[in-house]
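Just so it is clear, none of the values below were taken in a lab; they were calculated from the coordinates. Just so we're clear, the structure is a prediction, and the values are computed from it rather than from any experiment. Cβ sites come from the backbone with ideal geometry, for glycine too, and all protein chains shown count toward neighbours.
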Amino acid sequence: MKNEMLEQRSDRPLAGNVLAICGSVRRGSWNALLLRIMSDLLRIQGVAVQTISLRDYALPFYDGDLEAEEGVPGAAIELRQLIDQHDGLLIACPEYNGSVTPILKNMIDWCSRPTEGLGGLAPFQLKPVLIVGTSIGPFGALRAIGHLRAILSKMGAMVIPEDLAVPNAPSALSEEGFSDQNLSIAATRSSAMMVTQLGRIREARA
Ligand SMILES: Cc1cc2nc3c(=O)[nH]c(=O)nc-3n(C[C@H](O)[C@H](O)[C@H](O)COP(=O)(O)O)c2cc1C
């Protein structure tokens, strides 16, 4: 079902820019599809969305010895800069055994390490983050979303209160959007709250 609550407004001022990250690099990932649907919802509200794949930023598992010997990997430095340069983050969070996927947590851990000229948590602090997630099960990654909220809040990010958990991904999602109107309404509400928060930050900066 296409979301008809929001119409494309080409005259809208740019509402900010958001980096979209999926916690699964699997081909055919349901979370990647959810990320695309949510990105479109943000775009029609005037947000510029840049999507990256963590497959393009291959990182070793965090290891303090490796960091001491070789420093923060180039891919993590690049990611930190990207996060820093964007007004907000959109994260699609899959659930593995009730929690955040290792590729996502590993990326966050590397990106929290200080690099030259940029304090460890600086890219995350006061950054609006919209978390969405889906799974093939009936809870829709709800537990993982809660864990990610706790992690990012601890790091100083401003996690948007209205996250979105989509249960039963194969029947709930398609290239056309959400099959259920209530989900579509919830997604619109979440994205609108993100846009409001981005606007507040922009006003405070002006
Ligand atoms: C190691 C592993 C653990 C999983 N644990 C859960 C879980 O705790 N809860 C759940 O709803 N789904 C779980 N799943 C199923 C995932 O929701 C499903 O594989 C989903 O498609 C993963 O997201 P993706 O499609 O974006 O890759 C698990 C899958 C894997 C591979």
Arranged from highest to lowest average of other beta-carbon atoms within 10 Å per residue, in what order do the peptides 54-64, 70-80, 166-176 appear? 70-80, 166-176, 54-64
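For residue 139 and residue 68, what does the FRET efficiency come to when R0 = 30 Å and r is the distance between their Cβ atoms, rounded to the nearest 0.05? Please list the in-between numbers first.
Working: r = 40 Å, r/R0 = 1.32.
Computed FRET efficiency for residue 139 and residue 68: 0.15.
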Could you check the spin-label model distance between residue 116 and residue 85? Points 7 Å from the Cα along Cα→Cβ, value in nm. 1.8
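Please sort 111-119, 37-45 by packing, taking for each peptide the average over its residues of neighbouring beta carbons within 10 angstrom, highest first.
37-45, 111-119
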Specify the inter-centroid distance of the range 157-206 and the range 22-55, based on alpha-carbon positions, in whole Å. 12
If each of residue 192 and residue 78 carries a label point 7 Å out from its Cα toward its Cβ, how far apart are those two points in nm? 3.8
Percent antiparallel among DSSP beta bridges confined to the chain, nearest 5, equals 15
Helix 30-43 vs. the chain, principal-axis angle (Cα, 0 to 90°, nearest 10): 70
Förster radius 25 Å - calculated FRET efficiency between residue 50 and residue 176, Cβ distance, rounded to 0.05: 0.60
Which residues in the range 89-116 place their backbone N less than 13 Å from a point set 7 Å from the Cα of residue 58 along the Cα-to-Cβ direction? none
